[in-house]
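The values are calculated or read from the model by the stated rules, or taken from the named source; none is laboratory data. All values derive from a computational prediction rather than experimental measurement. Glycine gets a Cβ as well: all are built from the backbone with ideal geometry, and neighbour counts include every protein chain shown. Accessible surface areas use protein heavy atoms only, side chains included; no ligands, DNA or RNA. Shrake-Rupley method; radii C 1.70, N 1.55, O 1.52, S 1.80 Å.
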Amino acid sequence: HLMLGAQASLEVLTSREFKIAGAIGPVASLNKASACVSQEMEIGIGGTSAWRLCSIDPSTTVSVYFEIVNNHNQPIPEGQYRYVQFVTKYQHSSGQYRQRVSTVAGRWTDGANLAEISSGFDQEAAAVLLAPMAV
C-alpha cells in the first residue's frame, strides 16, 4: 500500500488556557466553531478548530498557532497541567478509515524556571514558524 491518506481532516482540542489562532499548511477550513477558537487573533487559516486536507502522507506538515488566554488578575498556578490534542482522520490507501489521536501535555511555569521551559522548547522549529510573521 502507498503511504498516503485521502479525505483527511485535522481537529485540535485544547485546555481552557489556550485558544487556536489558526493553521498554516495544505489545509482548508471546516468552519468548526468551538470554545477552543481564538476570537482575538488569527494566523493563517483561523476561526476554526478543524481543517480539511485533501491528502496526507508522512511528509505533510501543518503548523498550528495558539494564543494563551488568561485573566491577568488570576495567574495560572505553576505546575498546573495544560494540553493540546490533535485528532487526525483519513482514508488509508487500503480503503480503511483511520483515526489517530496525539495528546501533548505539559506544566505551566513562570518565566524564571528556564530549565523547565528549555526542556520542551525546539528553538529551530520556533525560528522557522516565527520567521514569516516577522516579515
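A few remarks follow.
- Of the residues in the range 67-76, none is acidic (Asp, Glu) and more than 23 Å from GLY22 (Cα to Cα).
- Of all residues in the range 43-55, those satisfying the criterion of being open to solvent by 40 Å² or more (accessible area, probe 1.4 Å) and touching a Phe, Trp or Tyr at 6+ places or on another chain (Cβ under 9 Å) are GLY44, ILE45, SER55.
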